[in-house]
Amino acid sequence: MIAYNQQEPLKDMRPAPGPTRKKWGWIAAAALLLVVLAGGSCWGYSHYVNSHTYEYYQVLLDGKPVGTVDKPSTVAAMVKKKERETAEAHPNLTMTLHTGTITYEKVREYKGKPESGTTLDKLAAGFSATATGAAVKVDGKVIGIVKNEETARTVLNQLQSKYAPPQRMKSALKVMTLSASTKAAAPANGISGVKFAEDVTVDEAEELDPAEILGQDQLQRILMSGTSTDTKYTVLKGDCVGCIASKFGISKEVIYQNNPTIEDDIIKAGDILDLTVKKPAINVVTTESQSEIITTEPQVIIQKKATMKAGESKVIQQGQPGSKRLTYSVVKQNGYKMSEDLVSIDVIRKSVPKIVVRGTKVVVGEGSGDFIWPVSGHRITSTYGTRWGKLHKGIDLVGGSTIKAADEGYIEFAGQKSGYGNAIIINHRNGYKTLYGHMSKLSVRTGQVVDRGQAIGVMGNTGHSFGTHLHFEVYKNGALQNPLKFL
């Protein structure tokens, strides 16, 4: 008998059965939970990254990176602030802030942070500010720069007004208008024109250092101050004040002011003259119309009477003086007279002749008192009167070369006379004498009787003369007269 151990049952050798339906459900649930958990983890990470990724801007100056800012408007605000500060620092100037070309590139970066402050500082450091102004040029050379054209024009107008005040300009126009309607008007004195001797322009100037901009007063001082160099001149034989002034391009007034010892225009070889004159950067030239009214002596008409003894005379009509208005065109530079031309002679009132009856036996060489022009085709180059504090004793004439006796008389002097060169004095034996100076040739001799209009010499440039001309003087009873009163 075979004994069996009841406590150890026999093992079932059949295959184990598969999972139950319930167990399969749990497995599916666990798998689904795993998928859900994995998906949630990915979504959370992506959300975290996105929430910590920032958008800002890379700033480029002229194409080169400078730094980053949160937004372009931050840079724009800084630029406006700098423009405002620049304008406030130079309130009287037109300023331009040069920023270069600023561009932006958008950037997105995880945990990125723009460095706006540092970037703005770098940008501002590259900015520059310049001014716009107006450059005053004299003969193409910049003399000074002011803030605008209006300021430049104001300074230039002030310079001209110094020598041509507006009221004198208006006065000249008014007098000229009156003169057209009446011959008896007061002397017409006024400025008819003003200009600069140099070519003066005002041009726009850009990109200037504000320190280059001058104030209005500064520019005026620069234009007026000028420079001066001590100039001494040794008088040569044949020199005269007028020709020296012309040679150096200065006014006679300057020579007289600097050399007060000159009298009656007389200088001699070896004299040392001071010709120093201030030369400003800009010179004002004015043209003035100056007039004077002179009295004209009445013509003396001689009527011969056979029944009257020689040497006896009788006035049968008293003469009455007339008047003339002499008008000159005067050119001045910076107030100094440079030239003077007689442009017109207007008869305001004709003189009434004096009629004298004389005996038939007339003394040979006695004049009539009625003068003719001593030069044919005459033109007056210098008039009688005080000029620059000195008396010019007669008138200077140019024209035909032949010099004629202004009236009948006898030659009281013919020869060399100090200052006058070759000169002639005619005594008309009626209280009048006439003098003719600077002639190149004398055609008469002392003591000779000459007729009215007779040739007495040839025009020249002898003595203290400044060019070929005739110097003509008239004396009445020994007193110097204005020749234009008798011509």
Q: Note down all Cβ pairs under 8 Å where the first residue falls in region 430-446 and is closer than 13 Å to residue 417 by Cα, the second is basic (Lys, Arg) and surrounded by fewer than 20 Cβ atoms within 10 Å (Cβ to Cβ), and they're at least six residues apart or on different chains.
A: 437/417
Q. Given 269, 245, which one is touching an Asp or Glu at 6+ places or on another chain (Cβ under 8 Å) and either over 18 Å from residue 159 (Cβ atoms) or among the small types (Gly, Ala, Ser) (or both)?
A. 269
Q) Out of the residues in region 82-104 that are under 18 Å from residue 126 (Cβ atoms) and among the acidic types (Asp, Glu), which is surrounded by the fewest Cβ atoms within 10 Å (Cβ to Cβ)? A) 85
**Q.** Residues located in region 265-281, provided they are assigned to a loop (DSSP other than H, G, I, E, B) and surrounded by fewer than 12 Cβ atoms within 10 Å (Cβ to Cβ)
**A.** 268, 269, 270
Q) So residue 256 fits all but one of (1) surrounded by 15 or more Cβ atoms within 10 Å (Cβ to Cβ); (2) touching a strand residue (DSSP E or B) at 6+ places or on another chain (Cβ under 6 Å); (3) within 30 Å of residue 190 (Cα to Cα); what number is the exception? A) (2)
Q: Looking for whichever is among the polar types (S, T, N, Q), part of a helix (DSSP H, G or I), over 30 Å from residue 213 (Cα atoms) and under 51 Å from the mean Cα position of the chain (by Cα) here; the options are 74, 118, 86. Which one fits?
A: 74
Q) Does residue 307 count as β-branched (Val, Ile, Thr) and outside any strand (DSSP E or B)? A) yes
Q: Could you please give the count of residues in region 390-425 that are of a type in the set (Asp, Glu) and in a strand (DSSP E or B)?
A: 2
Q. Would a scan of region 195-213 turn up a residue that is within 30 Å of residue 326 (Cα to Cα) and of a type in the set (D, E, K, R)?
A. yes
Q: Quick one: count up the residues across region 330-360 that are at pLDDT 90 or above and among the charged types (D, E, K, R).
A: 5
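Can you confirm whether region 289-303 contains a residue that is among the small types (Gly, Ala, Ser) and crowded, with 17+ Cβ neighbours inside 10 Å?
Scanning region 289-303 turns up at least one residue that is among the small types (Gly, Ala, Ser) and crowded, with 17+ Cβ neighbours inside 10 Å.
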Q) Just for region 361-414: of the residues that are at pLDDT below 90 and among the hydrophobic types (A, V, I, L, M, F, W, C), which one is surrounded by the fewest Cβ atoms within 10 Å (Cβ to Cβ)? A) 364
Q: Hey, could you check region 336-356 for residues that are of a type in the set (S, T, N, Q) and under 16 Å from residue 290 (Cβ atoms) and say which is nearest to the chain's Cα centre (by Cα)?
A: 339
Q | Unique match (being modelled with pLDDT of 90 or more and under 30 Å from residue 383 (Cβ atoms)) among 300, 284, 277 | A | 284
**Q.** Unmet criterion (only one of (1) over 26 Å from residue 380 (Cα atoms); (2) in contact with a Ser or Thr (Cβ under 6 Å, 6 or more places away or on another chain)) for residue 327
**A.** (1)
Q: Specify the residue that is modelled with the lowest pLDDT; the eligible residues are those in region 426-444 that are hydroxyl-bearing (Ser, Thr, Tyr) and either crowded, with 21+ Cβ neighbours inside 10 Å or assigned to a strand (DSSP E or B) (or both).
A: 432
Q: Filter region 366-389 for residues that are part of a strand (DSSP E or B) and within 14 Å of residue 469 (Cβ to Cβ) and give the result.
A: 375, 379, 380, 381, 382
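I'd like the full set of residues that are in a loop (DSSP other than H, G, I, E, B), at pLDDT below 85 and over 16 Å from the mean Cα position of the chain (by Cα), limited to region 222-238.
If the condition is that a residue be in a loop (DSSP other than H, G, I, E, B), at pLDDT below 85 and over 16 Å from the mean Cα position of the chain (by Cα), then 228, 229, 230, 238 are the ones that fit.
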Q.
Only one of 331, 235, 284, 315 is out of contact with any Cys (no Cβ under 8 Å at 6 or more places or on another chain), of a type in the set (A, V, I, L, M, F, W, C) and surrounded by 18 or more Cβ atoms within 10 Å (Cβ to Cβ). Can you tell me which?
A. 284
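The values are calculated or read from the model by the stated rules, or taken from the named source; none is laboratory data. Just so we're clear, the structure is a prediction, and the values are computed from it rather than from any experiment. Please note: Cβ atoms are built from the backbone with ideal geometry, for glycine as well, and neighbour counts cover all protein chains shown.
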